[in-house]
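Below is one structure, written out as structure tokens; comments come after it.
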Amino acid sequence: MKDKTGPAFPTKQPMQGAFGTVVRENRGMTLRQYYAGQALAGYRASGDFARSMDHDLVAEHCWKAADALIAGSRRAE
């Protein structure tokens, strides 16, 4: 899936430079990346992570969970 979710935690930081104040933008991670990370945290907390050493399979499940959350939120709009 192509990630079109946009930033999850964008920030803007004013910085003083030689020519005055400049605003630096940090887009942060995407919402899809955030959801996949949360799925991974839940998976690890459940204890299943320790039994599964196939990290590619774990990553695939996390991305699928993130995609399902995004698809569900789009249907709810």
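The values are calculated or read from the model by the stated rules, or taken from the named source; none is laboratory data. No experiment lies behind these values; they were computed from the predicted model shown. Virtual Cβ from ideal backbone geometry, glycine too; neighbours counted across all protein chains shown. Surface accessibility is based on the protein's heavy atoms, side chains included, excluding ligands, DNA and RNA. Shrake-Rupley method; radii C 1.70, N 1.55, O 1.52, S 1.80 Å.
General remarks:
- Mean-square fluctuations from a GNM of the chain, with a 10 angstrom spring cutoff on Cα atoms, peak among T21, T30, T11 at T21.
- Accessible surface of V58, taken over heavy atoms with a 1.4 Å probe and every protein chain present, rounds to 10 Å².
- Entry comment: accessible area of the chain is 78 Å² per residue, from protein heavy atoms only and a probe of 1.4 Å.
- Taking other residues whose beta carbon is less than 15 angstrom from the beta carbon of M15, and scoring Lys, Arg as +1 and Asp, Glu as -1, yields +1.
- Whole-percent carbon and sulfur share, accessible surface of the chain, 1.4 Å: 56 percent
- Note on F19 and K4: the extension gain reaches 1.9 nm, defined as 0.36 nm multiplied by sequence separation minus the Cα-Cα distance.
- From phi via Karplus (6.51, -1.76, 1.60), per-residue ³J(HN,Hα) for region 17-24 in Hz, x at Gly/Pro: x, 5, 10, x, 7, 10, 9, 9
- Distant-in-sequence amide H partners of T30 (H built 1.01 Å from N, under 5 Å): A8
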